[in-house]
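As structure tokens, the structure follows; a few thoughts come after it.
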Amino acid sequence: MNQDKRNESLERAIENYSNLLYKICFVILKNEQDTKDVLQETFLTYMTKRPRFNSEEHKKAWLIKVSQNKCKEFLRFHKKHAAIPLSEVEESIGITKGKDYEDIEKLNLIWNLNVNLKSVVILYYVEGYSVKEISAILGITEFAVKKRLQRARETLSELGRAYDGGLVCE
């Protein structure tokens, strides 16, 4: 692949997936600058490794997996547990007060979950992936996805913050 095609492929990937990856990483890292750093590293990895994909969905899954791994690495090595006001989170994700109340409630629910549970919850409830798709994206079994969803619901229930619509695993 020549340099022009590589640049075009990178630009297209950034255009198509940066918003999705930003949301996922931001909820995990809770910090806008750290999220931007991880996204930059994710796309740098994409550019340097130049992986070949069977489909656009394969590329999307690869980018999600790489970005989540970068988030985990960041948390592991920087041990950063930033406390950011929810209003700042809402602003960074593009939620405006009053208009997107349901989005704010969802964000409130997943805010305190650990990284593994957050990842599954975001992909399932926010992005609408099926258990089977999440299994493929994260490289874990469907049982593991269902178990993480169950643990997330239990954790949220214990906190007394269960979402009115109910978090139900199909």
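Annotations for the structure displayed:
- Residue exposure proxy: E57, E32, E15, ordered by other Cβ atoms within 10 angstrom of their Cβ from fewest to most, comes out as E15, E57, E32.
- J(HN,Hα) series, region 68-73, from Karplus relation 6.51 cos²θ - 1.76 cosθ + 1.60, nearest Hz, glycine and proline x: 5, 5, 5, 4, 4, 4
- Among R153, R148, R52, a tally of other beta-carbon atoms within 10 Å of each Cβ gives an order, fewest to most, of R52, R153, R148.
- Quarter of the Cα convex hull surface for region 21-72, i.e. its orientation-mean projected area (nm²): 3.2 nm²
- Cβ-based exposure ranking for W111, W62, in which fewest neighbours within 10 Å come first: W111, W62
- Derived scalar couplings between HN and Hα for region 115-130 equal 4, 4, 5, 4, 4, 5, 4, 4, 5, 7, 8, 8, 8, x, 6, 7 Hz in order, rounded to whole Hz, by the Karplus curve 6.51 cos²θ - 1.76 cosθ + 1.60 (θ = phi - 60°), x for Gly and Pro.
- Above-threshold pairs, the threshold being 23 Å between Cα atoms, out of K5/K118; K49/K146; K49/K132; K49/K70; K72/K146; K5/K132: K5/K118; K49/K146; K49/K132; K5/K132
Bear in mind that the values in this text are calculations on the coordinates, not laboratory data. Keep in mind that what you see is a predicted model, and the values were worked out from it rather than measured. Reconstructed Cβ throughout: ideal geometry from the backbone, glycine too, with neighbour counts over all protein chains shown.
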